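Q: This is the structure, below, for whatever I ask next.
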Amino acid sequence: MYFNHCSYPIKTCNPRLRILFELHCIDRLFPPVAVGEGSSKQHLIIDYAGAKVLNLDNFKKIQELTNNYQHSVLVAEYRLQAYKAGFSWGIKEYKLGECIADIYYSNYHIAVEVDRGTESHNTLEGKAKKYNELINPPTVIFFTSGASERVDTFLDSLRYNIKKAGCTFDNLNQVLAALKKKYNL
């Protein structure tokens, strides 16, 4: 839930979430964490009544989060921050030749790659190579929750004439502000 014009968004959001939880529209999952890493973060998922409200056919409630749930969370976080900055939601998992961009903005010809910091440097370079093979490559934006060297590895692997930007998630809002200014959003 997103309350843009609210003085107390948490105080507004939490009672609504409690109602949705009690009505079985949403449920909570707590992914396991390793010993000594603190407590698990709550993840909200659609429950049976929520699926009916959303008219989801063949709904099956998930009982546990998949291995790539962290990537999905980062993609969702990026999309929310980009939307707040003035971008549309974008198209998820968009195929561009041999590339599959995590998010694609067709009206700006921008591809976004979201990285958890778990893939090898060779894999990052391989992804960049696929963008290099495109005849009309998009502007490529790269964000990572990993180390900042990953940004350099990916961006340095893109050919010189591809417009690109990237950063760690800590600096996401700065890059989005620059893109907002560039595209007059």
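The values are calculated or read from the model by the stated rules, or taken from the named source; none is laboratory data. Note that the structure is a prediction, hence the values are computed from the model and not measured. All Cβ positions, glycine included, derive from the backbone under ideal geometry; neighbour counts span all protein chains shown.
Q: Being of a type in the set (Asp, Glu) and over 15 Å from the mean Cα position of the chain (by Cα) is the filter here, so list the residues in region 98-145 that pass it.
A: Just the residues of region 98-145 that are of a type in the set (Asp, Glu), to begin with: 98, 102, 113, 115, 119, 125, 133.
Scanning region 98-145 gives Glu98, Glu119, Glu125, Glu133.
Q: Let me ask something additional. When only residues in region 147-161 that are under 18 Å from the mean Cα position of the chain (by Cα) and within 24 Å of Phe87 (Cα to Cα) count, which is surrounded by the most Cβ atoms within 10 Å (Cβ to Cβ)?
A: Residues of region 147-161 that are under 18 Å from the mean Cα position of the chain (by Cα), as a first pass: 147-148, 150-151, 154.
Subset that is within 24 Å of Phe87 (Cα to Cα): 151, 154.
On the way: Val151: 21, Phe154: 24.
Only one residue tops the list, namely Phe154.
Q: Consider Leu74 against the criteria (1) at pLDDT below 85; (2) under 30 Å from Gly166 (Cβ atoms): it satisfies all of them except one. Which criterion is unmet?
A: Evaluating Leu74 over (1) at pLDDT below 85; (2) under 30 Å from Gly166 (Cβ atoms) leaves (1) as the failure.
Q: Just a yes or no: is a residue in region 20-32 exposed (fewer than 11 other Cβ atoms within 10 Å of the Cβ) and more than 30 Å from Gly126 (Cα to Cα)? I'd like the intermediate steps shown before the answer.
A: Initial filter on region 20-32 (exposed (fewer than 11 other Cβ atoms within 10 Å of the Cβ)): 22, 32.
From the residues that got through so far, the ones that are more than 30 Å from Gly126 (Cα to Cα) too are 22, 32.
Yes, region 20-32 has at least one match.
Q: Continuing with the same structure: What pairs come out if I take residues in region 164-182 that are in contact (Cβ under 8 Å) with a residue 40 or more places away in the chain and pair them with residues that are surrounded by 14 or more Cβ atoms within 10 Å (Cβ to Cβ) and of a type in the set (D, E, K, R) whose C-beta lies under 6 Å away, six or more apart or interchain?
A: Qualifying pairs under 6 Å: none.
Q: So, Val73, is that one β-branched (Val, Ile, Thr) and part of a helix (DSSP H, G or I) or not?
A: Values: β-branched (Val, Ile, Thr): yes; part of a helix (DSSP H, G or I): yes.
So Val73 passes the test.
Q: Identify all residues within region 49-65 that are farther than 14 Å from Arg28 by Cβ and out of contact with any helix residue (DSSP H, G or I) (no Cβ under 8 Å at 6 or more places or on another chain); write none if there are none.
A: Kept after step one, since they are farther than 14 Å from Arg28 by Cβ, are these residues of region 49-65: 49, 51-60.
Of everything in region 49-65, those that are farther than 14 Å from Arg28 by Cβ and out of contact with any helix residue (DSSP H, G or I) (no Cβ under 8 Å at 6 or more places or on another chain) turn out to be Ala49, Ala51, Lys52, Val53, Leu54, Asn55, Leu56, Asp57, Asn58, Lys60.
Q: For residues that are touching a Gly at 6+ places or on another chain (Cβ under 9 Å) and among the hydrophobic types (A, V, I, L, M, F, W, C), scanning just region 119-146, find the one that is surrounded by the most Cβ atoms within 10 Å (Cβ to Cβ).
A: Looking at residues that are touching a Gly at 6+ places or on another chain (Cβ under 9 Å) and among the hydrophobic types (A, V, I, L, M, F, W, C), I get Phe143.
Per-residue answers, yes or no, for (1) closer than 16 Å to Leu74 by Cβ; (2) in a strand (DSSP E or B):
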position: Ile100; (1), (2): yes, yes
position: Asn107; (1), (2): no, no
position: Val112; (1), (2): yes, yes
position: Lys130; (1), (2): no, no
position: Val151; (1), (2): yes, no
position: Ile162; (1), (2): no, no
position: Gly166; (1), (2): yes, yes
position: Leu179; (1), (2): no, no
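Q: Which of the residues belonging to region 34-71 are of a type in the set (D, E, K, R) and exposed (fewer than 11 other Cβ atoms within 10 Å of the Cβ)?
A: Residues satisfying the conditions are Glu37, Lys41, Asp57, Lys60, Glu64.
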